[in-house]
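Student: Before anything else, here's the structure in question.
Readers should treat all values here as calculations from the given coordinates under stated rules, not as data from a laboratory. Computed from a predicted structure; not experimentally measured. All Cβ positions, glycine included, derive from the backbone under ideal geometry; neighbour counts span all protein chains shown.
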Amino acid sequence: MSAVEELHRMLDGLDEARGRLVLEALRRGDPVLLRLALAPEDDESTTPEEDAGAAEARAEYRRGEGRPWSEVRREMRRC
């Protein structure tokens, strides 16, 4: 199978959202984004504790309790 045929086969198997992400990665020439776009989806189930933590994090964000990334980076540099 030629490289072009293999690419066609890979791209034909993508859903629209993932296809758009791959296209954007190729347009940007971003190899990391491309790897993420082509990576298999995480199919591991989450625990009730993880779900509760994620729900609380989303609620905090909606309440405006999020922290700027610059603040988090400064804190991480101190560790």
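Student: Whose amide H sits under 5 Å from the amide H of D30, counting only residues 5 or more places off or on another chain, with H placed in the peptide plane?
Tutor: Here the answer is none, since no amide H 5 or more places off falls under 5 Å of that of D30.
Student: Let me ask something else about it. For the chain, what is the calculated [θ] at 222 nm in deg cm²/dmol (nearest 500), taking -39500 (n - 2.57) for each run of four or more DSSP H residues and dividing by its residue count? All intermediate terms of the calculation are to be shown ahead of the outcome.
Tutor: Numbers: 5 runs with 56 residues, N = 79.
Mean residue ellipticity at 222 nm (helix-derived): -21500 deg cm²/dmol.
Student: Could you list the trypsin sites (Lys or Arg not before Pro) in the chain that lie in coil according to DSSP, counting only those with at most 11 other Cβ atoms within 10 Å of their Cβ?
Tutor: On the way: sites: R9, R18, R20, R27, R28, R35, R58, R62, R63, R73, R74, R77, R78; in loops: R63.
Taking the chain and a limit of 11 other Cβ atoms within 10 Å, the loop trypsin sites (Lys or Arg not before Pro) found are R63.
Student: Something else: Under 1.5 on a/c is rounded, so check that first for the chain, then, if it is not, pick prolate when a/b is larger than b/c and oblate when it is not; a ≥ b ≥ c are the square roots of the alpha carbon gyration tensor eigenvalues.
Tutor: Numbers: a/c = 2.87, a/b = 1.84, b/c = 1.56.
Note, shape of the chain comes out prolate.
Student: Continuing with this model, one more query. Which ordering of E44, E65 is given by a fewest-first count of other beta-carbon atoms within 10 Å?
Tutor: E44, E65
Student: To continue, here is another question. Y61 to S2: extension gain in nm, 0.36 nm per residue of separation minus the Cα-Cα distance? Can you show the working numbers first?
Tutor: Values: separation 59, 0.36 × 59 = 21.24 nm, distance 4.78 nm.
Full extension of this stretch gives 16.5 nm more.
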